[in-house]
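Below: the structure, in C-alpha coordinates.
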Amino acid sequence: MQGFLLLSKPTGITSFSAVSAIKRMAHEKRVGHTGTLDPMATGVLPIFLGRATALSSLMLDGDKSYKATIKLGITTDTEDITGKVLQEREVKVTNEQLEKALNNFLGKILQTPPMYSALKKDGVRLYELARKGETVEIPKREIEIFSIDLLSPLDSENCFSVSVKVSKGTYIRSLARDIGEFLGCGATLTALQRTSACGFDIDSCVKLEDLNQNNITDFIKSEETAVMHLREVTVTEKQAIRFCNGGQLDFSRLRIENVGENELIRVKYEEKFLGVGVGDTINQRLNIKCIINDYKAVAK
(Lines give C-alpha, C1' and ligand atoms only; values in the text may rest on other atoms or scores of the structure.)
Protein backbone atom coordinates (compact mmCIF):
# COMPACT_ATOMS: atom_id res chain seq x y z
CA MET A 1 0.00 0.00 0.00
CA GLN A 2 1.32 3.43 -0.89
CA GLY A 3 0.20 6.99 -0.23
CA PHE A 4 -0.26 9.83 2.23
CA LEU A 5 -2.44 9.83 5.33
CA LEU A 6 -3.34 12.79 7.52
CA LEU A 7 -3.80 11.44 11.01
CA SER A 8 -5.15 13.17 14.09
CA LYS A 9 -3.04 11.64 16.85
CA PRO A 10 -4.83 11.05 20.16
CA THR A 11 -3.29 11.84 23.51
CA GLY A 12 -1.56 9.16 25.55
CA ILE A 13 0.40 7.42 22.79
CA THR A 14 3.69 8.13 21.06
CA SER A 15 3.97 9.00 17.39
CA PHE A 16 5.78 5.67 16.97
CA SER A 17 2.78 3.84 18.42
CA ALA A 18 0.48 5.66 16.01
CA VAL A 19 2.68 4.58 13.10
CA SER A 20 2.67 0.99 14.37
CA ALA A 21 -1.12 1.00 14.41
CA ILE A 22 -1.21 2.22 10.81
CA LYS A 23 1.26 -0.49 9.80
CA ARG A 24 -1.03 -3.18 11.18
CA MET A 25 -4.15 -1.76 9.54
CA ALA A 26 -2.52 -1.16 6.16
CA HIS A 27 -0.43 -4.36 6.18
CA GLU A 28 2.50 -2.21 5.08
CA LYS A 29 5.96 -2.41 6.65
CA ARG A 30 7.20 0.92 5.29
CA VAL A 31 5.32 3.59 7.23
CA GLY A 32 6.77 6.83 8.56
CA HIS A 33 5.65 10.16 9.97
CA THR A 34 6.88 13.75 9.85
CA GLY A 35 7.26 15.78 13.00
CA THR A 36 7.08 13.84 16.27
CA LEU A 37 4.34 14.67 18.74
CA ASP A 38 4.84 13.99 22.46
CA PRO A 39 2.50 11.39 24.00
CA MET A 40 0.58 14.15 25.77
CA ALA A 41 0.07 16.09 22.51
CA THR A 42 -2.67 15.59 19.95
CA GLY A 43 -3.30 16.74 16.42
CA VAL A 44 -1.91 16.74 12.89
CA LEU A 45 0.53 13.90 12.18
CA PRO A 46 1.26 13.43 8.45
CA ILE A 47 2.04 9.79 7.65
CA PHE A 48 3.54 8.21 4.53
CA LEU A 49 3.14 4.62 3.37
CA GLY A 50 5.22 2.49 1.03
CA ARG A 51 7.67 4.19 -1.27
CA ALA A 52 6.05 7.49 -0.36
CA THR A 53 8.07 7.42 2.89
CA ALA A 54 10.89 8.95 0.83
CA LEU A 55 8.88 12.19 0.86
CA SER A 56 8.75 12.47 4.65
CA SER A 57 12.04 14.36 4.95
CA LEU A 58 10.75 17.00 2.51
CA MET A 59 8.03 18.03 4.97
CA LEU A 60 10.18 18.48 8.06
CA ASP A 61 10.99 22.10 7.20
CA GLY A 62 7.35 23.19 7.14
CA ASP A 63 5.84 25.65 9.60
CA LYS A 64 3.47 24.34 12.25
CA SER A 65 0.64 25.79 14.33
CA TYR A 66 -0.49 24.78 17.81
CA LYS A 67 -3.00 25.46 20.53
CA ALA A 68 -1.35 25.23 23.93
CA THR A 69 -2.48 25.48 27.54
CA ILE A 70 0.15 26.69 29.99
CA LYS A 71 0.11 26.80 33.79
CA LEU A 72 2.08 29.47 35.61
CA GLY A 73 3.78 28.93 38.97
CA ILE A 74 5.14 25.44 38.40
CA THR A 75 8.18 23.96 36.66
CA THR A 76 8.83 20.30 35.83
CA ASP A 77 11.79 18.30 34.55
CA THR A 78 10.03 17.49 31.27
CA GLU A 79 8.67 21.04 30.89
CA ASP A 80 5.14 19.63 30.71
CA ILE A 81 2.63 18.49 33.31
CA THR A 82 3.63 14.82 32.95
CA GLY A 83 7.01 15.46 34.54
CA LYS A 84 8.37 15.65 38.06
CA VAL A 85 7.63 18.95 39.78
CA LEU A 86 10.86 20.81 40.41
CA GLN A 87 9.56 24.05 41.87
CA GLU A 88 6.36 25.88 42.73
CA ARG A 89 6.24 29.66 42.96
CA GLU A 90 3.70 32.30 43.75
CA VAL A 91 1.99 33.89 40.75
CA LYS A 92 1.38 37.61 40.71
CA VAL A 93 0.77 38.19 37.01
CA THR A 94 -1.97 40.24 35.35
CA ASN A 95 -3.36 39.50 31.91
CA GLU A 96 -1.81 42.73 30.69
CA GLN A 97 1.61 41.56 31.85
CA LEU A 98 0.98 38.20 30.25
CA GLU A 99 0.19 39.71 26.85
CA LYS A 100 3.30 41.86 26.99
CA ALA A 101 5.33 38.77 27.82
CA LEU A 102 3.91 36.87 24.85
CA ASN A 103 4.82 39.71 22.49
CA ASN A 104 8.40 39.49 23.74
CA PHE A 105 8.73 36.09 22.03
CA LEU A 106 7.60 37.14 18.57
CA GLY A 107 10.08 36.89 15.70
CA LYS A 108 13.43 35.12 15.58
CA ILE A 109 14.66 34.06 18.99
CA LEU A 110 17.17 31.64 20.49
CA GLN A 111 15.66 28.65 22.26
CA THR A 112 17.26 25.92 24.36
CA PRO A 113 15.57 22.57 23.58
CA PRO A 114 14.44 20.43 26.56
CA MET A 115 16.52 17.63 28.05
CA TYR A 116 13.56 15.31 27.55
CA SER A 117 13.76 15.37 23.75
CA ALA A 118 14.85 13.11 20.91
CA LEU A 119 17.83 15.31 20.07
CA LYS A 120 21.18 13.56 20.29
CA LYS A 121 24.36 14.31 22.18
CA ASP A 122 27.35 12.22 21.09
CA GLY A 123 24.94 9.79 19.45
CA VAL A 124 22.70 9.36 22.52
CA ARG A 125 19.14 10.68 22.77
CA LEU A 126 18.85 13.44 25.33
CA TYR A 127 15.82 11.81 26.97
CA GLU A 128 17.90 8.68 27.57
CA LEU A 129 20.49 10.76 29.43
CA ALA A 130 17.76 12.59 31.33
CA ARG A 131 16.20 9.33 32.52
CA LYS A 132 19.60 8.38 33.96
CA GLY A 133 19.71 11.65 35.84
CA GLU A 134 22.42 13.05 33.60
CA THR A 135 22.43 16.60 32.26
CA VAL A 136 24.45 18.07 29.42
CA GLU A 137 24.84 21.52 27.99
CA ILE A 138 22.35 21.96 25.16
CA PRO A 139 23.24 24.63 22.61
CA LYS A 140 20.60 27.21 21.83
CA ARG A 141 19.28 27.37 18.30
CA GLU A 142 17.43 29.97 16.31
CA ILE A 143 13.72 29.49 15.80
CA GLU A 144 10.96 31.84 14.74
CA ILE A 145 7.62 32.57 16.34
CA PHE A 146 5.45 33.95 13.53
CA SER A 147 2.44 34.63 15.73
CA ILE A 148 1.35 34.08 19.31
CA ASP A 149 -2.17 35.01 20.40
CA LEU A 150 -3.89 34.71 23.74
CA LEU A 151 -6.97 32.50 23.34
CA SER A 152 -8.10 32.48 26.96
CA PRO A 153 -6.83 34.68 29.81
CA LEU A 154 -5.49 33.53 33.15
CA ASP A 155 -8.02 31.57 35.15
CA SER A 156 -8.28 30.83 38.86
CA GLU A 157 -5.68 28.04 38.52
CA ASN A 158 -3.19 30.34 36.75
CA CYS A 159 -3.71 28.62 33.40
CA PHE A 160 -4.06 30.32 30.03
CA SER A 161 -4.25 29.20 26.39
CA VAL A 162 -2.49 30.48 23.30
CA SER A 163 -2.37 29.78 19.58
CA VAL A 164 1.08 29.90 18.01
CA LYS A 165 2.58 29.52 14.56
CA VAL A 166 6.23 28.53 14.60
CA SER A 167 9.15 27.45 12.44
CA LYS A 168 10.64 23.97 12.37
CA GLY A 169 12.54 22.87 15.45
CA THR A 170 10.43 24.88 17.90
CA TYR A 171 9.56 23.17 21.18
CA ILE A 172 6.30 24.48 22.61
CA ARG A 173 7.26 22.99 25.98
CA SER A 174 10.36 25.15 26.00
CA LEU A 175 8.37 28.17 24.89
CA ALA A 176 6.09 27.65 27.91
CA ARG A 177 9.14 27.33 30.15
CA ASP A 178 10.65 30.55 28.82
CA ILE A 179 7.40 32.50 29.16
CA GLY A 180 7.25 31.42 32.79
CA GLU A 181 10.82 32.47 33.43
CA PHE A 182 10.23 35.82 31.75
CA LEU A 183 7.31 36.40 34.11
CA GLY A 184 9.40 35.32 37.09
CA CYS A 185 7.13 32.53 38.29
CA GLY A 186 7.90 29.55 36.08
CA ALA A 187 5.47 27.65 33.87
CA THR A 188 4.76 24.26 32.39
CA LEU A 189 2.74 22.97 29.45
CA THR A 190 -0.51 21.20 30.38
CA ALA A 191 -2.11 20.52 26.97
CA LEU A 192 -1.03 20.75 23.35
CA GLN A 193 -2.75 20.28 19.99
CA ARG A 194 -0.99 20.65 16.65
CA THR A 195 -3.59 22.39 14.53
CA SER A 196 -1.65 22.50 11.27
CA ALA A 197 1.55 21.18 9.74
CA CYS A 198 3.07 21.83 6.34
CA GLY A 199 -0.12 23.41 5.01
CA PHE A 200 -2.51 20.71 6.30
CA ASP A 201 -4.92 21.50 9.12
CA ILE A 202 -6.66 19.43 11.75
CA ASP A 203 -9.97 19.46 9.85
CA SER A 204 -8.30 17.43 7.08
CA CYS A 205 -7.26 14.65 9.46
CA VAL A 206 -8.86 11.37 10.40
CA LYS A 207 -8.90 10.20 14.00
CA LEU A 208 -6.98 7.03 14.77
CA GLU A 209 -10.02 5.53 16.50
CA ASP A 210 -12.03 5.94 13.29
CA LEU A 211 -9.60 3.84 11.25
CA ASN A 212 -9.54 0.09 10.75
CA GLN A 213 -8.15 -2.37 8.21
CA ASN A 214 -11.41 -2.31 6.27
CA ASN A 215 -11.68 1.45 5.75
CA ILE A 216 -8.11 2.76 5.86
CA THR A 217 -7.81 2.84 2.07
CA ASP A 218 -10.66 5.36 2.00
CA PHE A 219 -8.44 7.86 3.81
CA ILE A 220 -5.13 7.31 2.03
CA LYS A 221 -4.46 10.10 -0.44
CA SER A 222 -2.11 10.22 -3.40
CA GLU A 223 1.46 10.78 -2.25
CA GLU A 224 1.60 13.78 -4.58
CA THR A 225 -0.88 15.51 -2.26
CA ALA A 226 1.95 16.07 0.20
CA VAL A 227 4.09 18.01 -2.27
CA MET A 228 1.53 19.97 -4.26
CA HIS A 229 3.17 23.18 -3.07
CA LEU A 230 6.19 22.39 -5.25
CA ARG A 231 6.40 23.55 -8.86
CA GLU A 232 5.91 20.76 -11.38
CA VAL A 233 7.46 19.80 -14.68
CA THR A 234 5.94 17.34 -17.14
CA VAL A 235 8.52 15.23 -18.94
CA THR A 236 8.57 13.20 -22.13
CA GLU A 237 8.54 9.41 -22.19
CA LYS A 238 12.31 9.26 -22.75
CA GLN A 239 12.89 11.71 -19.91
CA ALA A 240 10.59 9.70 -17.64
CA ILE A 241 12.59 6.54 -18.35
CA ARG A 242 15.87 8.39 -17.74
CA PHE A 243 14.66 9.94 -14.49
CA CYS A 244 13.31 6.65 -13.11
CA ASN A 245 16.59 4.95 -14.00
CA GLY A 246 18.53 7.49 -11.96
CA GLY A 247 19.53 9.94 -14.68
CA GLN A 248 19.65 13.73 -14.44
CA LEU A 249 17.56 15.93 -16.72
CA ASP A 250 19.05 18.95 -18.50
CA PHE A 251 17.27 22.24 -17.86
CA SER A 252 17.47 23.08 -21.58
CA ARG A 253 15.25 20.13 -22.42
CA LEU A 254 12.66 20.71 -19.72
CA ARG A 255 9.52 22.78 -20.01
CA ILE A 256 10.23 24.84 -16.92
CA GLU A 257 12.10 28.08 -16.39
CA ASN A 258 14.19 29.71 -13.69
CA VAL A 259 14.79 26.66 -11.53
CA GLY A 260 16.59 27.77 -8.39
CA GLU A 261 19.57 26.13 -6.74
CA ASN A 262 18.30 23.21 -4.63
CA GLU A 263 14.72 24.01 -5.62
CA LEU A 264 12.52 20.93 -5.34
CA ILE A 265 10.42 20.14 -8.41
CA ARG A 266 7.61 17.62 -8.87
CA VAL A 267 8.36 15.44 -11.89
CA LYS A 268 5.35 14.06 -13.81
CA TYR A 269 4.70 11.99 -16.91
CA GLU A 270 1.24 12.05 -18.48
CA GLU A 271 -0.23 13.49 -15.24
CA LYS A 272 1.37 10.71 -13.22
CA PHE A 273 3.68 11.61 -10.36
CA LEU A 274 7.17 10.10 -10.72
CA GLY A 275 9.07 11.76 -7.91
CA VAL A 276 10.94 14.87 -6.91
CA GLY A 277 13.96 16.45 -8.55
CA VAL A 278 16.32 19.06 -7.13
CA GLY A 279 17.76 22.00 -9.04
CA ASP A 280 21.48 22.07 -9.82
CA THR A 281 22.15 25.50 -11.32
CA ILE A 282 25.91 24.97 -11.62
CA ASN A 283 25.47 22.01 -13.96
CA GLN A 284 22.13 23.27 -15.31
CA ARG A 285 20.26 20.08 -14.61
CA LEU A 286 17.61 18.51 -12.43
CA ASN A 287 19.06 15.88 -10.15
CA ILE A 288 17.06 13.17 -8.42
CA LYS A 289 15.83 13.78 -4.89
CA CYS A 290 13.57 10.75 -4.70
CA ILE A 291 11.70 8.39 -7.03
CA ILE A 292 8.23 7.44 -5.83
CA ASN A 293 6.73 5.69 -8.86
CA ASP A 294 8.83 3.98 -11.49
CA TYR A 295 8.17 4.51 -15.17
CA LYS A 296 6.93 0.97 -15.84
CA ALA A 297 4.30 1.23 -13.14
CA VAL A 298 3.19 4.62 -14.43
CA ALA A 299 3.11 3.54 -18.06
CA LYS A 300 0.57 0.75 -17.44
Residue among GLN2, TYR66, ASN258 farthest towards the positive dipole end of the chain, charges placed on Cβ: GLN2
Mean Kyte hydropathy of -0.5 or more with a Cα span along the axis of at least 15 Å, helices from DSSP in the chain: 15-26, 172-183
CD proxy at 222 nm, helix term only [per DSSP H run n ≥ 4: -39500 (n - 2.57); per residue of the chain; nearest 500]: -5000 deg cm²/dmol
Approximate spin-label separation SER152-ARG131, in nm, with each point projected 7 Å along Cα-to-Cβ: 3.3
Top of GLU224, GLU99, GLU271 by mean-square fluctuation, Gaussian network on the chain, Cα under 10 Å: GLU271
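Could you sort 16-24, 109-117, 68-76 so that the peptide with the highest average Cβ count within 10 Å comes first and the rest follow in order? If you can, show how the numbers build up before the last one.
Working: 16-24: 16.1, 109-117: 17.9, 68-76: 21.8.
For the peptides 16-24, 109-117, 68-76, the packing ranking is 68-76, 109-117, 16-24.
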Region 1-73: C-alpha gyration tensor shape, a/c 1.5 cut-off, then a/b vs b/c: oblate
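Rg/Rh for the chain to two decimals, with Rh computed the Kirkwood way over all alpha-carbon pairs. Don't jump to the answer; show the numbers that get you there.
Numbers: Rg = 22.2 Å, Rh = 21.3 Å.
Reported Rg/Rh, Kirkwood definition of Rh: 1.04.
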In nm, spacing of pseudo-spin labels at GLU88 and THR14 (7 Å Cα→C-beta vector): 3.1
Value of relative contact order over the chain, rounded to a whole percent, pairs C-alpha under 8 Å and six or more apart: 21
Estimated FRET transfer efficiency when R0 is 41 angstrom, pair ILE138-ARG255 (beta carbons, to 0.05): 0.30
Highest-MSF residue in the chain out of PHE251, PHE48, PHE200 [GNM, Cα springs under 10 Å]: PHE251
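When the accessible area of the chain is computed with all protein chains present and a 1.4 Å probe, what percentage of it is carbon and sulfur? Write down the numbers at each step before the final one.
Values: 7070 of 15410 Å².
Whole-percent figure for carbon plus sulfur exposure: 46.
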Reachable lysines, given that their alpha-carbon falls under 27 Å from the alpha-carbon of LYS268 and they are not under 8 places away in the same chain: LYS29, LYS221, LYS238, LYS289, LYS296, LYS300
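Excluding ligands, DNA and RNA, what is the solvent-accessible area per residue of the chain at a probe of 1.4 Å, expressed in Å²?
Working: 15410 Å² over 300 residues.
About 51 Å² of surface per residue is accessible.
Using 1/(1 + (r/R0)^6) with R0 = 35 angstrom and r between the beta carbons of ASN283 and ASP61, what's the FRET efficiency to the nearest 0.05? Intermediate values should be presented prior to the final figure.
Values: r = 24 Å, r/R0 = 0.68.
Once rounded, the FRET efficiency stands at 0.90.
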Between region 184-234 and region 249-300, the alpha-carbon center distance in angstrom: 26
Potential lengthening between ALA118 and LYS238 on full extension [0.36 nm per residue; Cα-Cα distance subtracted]: 38.8 nm
Violating pairs (Cα-Cα greater than 20 angstrom) within the set LYS108/LYS140; LYS23/LYS132; LYS67/LYS168: LYS23/LYS132
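The values are calculated or read from the model by the stated rules, or taken from the named source; none is laboratory data. Note that this is a predicted model, so its numbers are computed, not measured. Cβ sites come from the backbone with ideal geometry, for glycine too, and all protein chains shown count toward neighbours. Just so you know, the surface numbers come from the protein's heavy atoms only, side chains and all, with ligands and any DNA or RNA stripped out. Shrake-Rupley method; radii C 1.70, N 1.55, O 1.52, S 1.80 Å.
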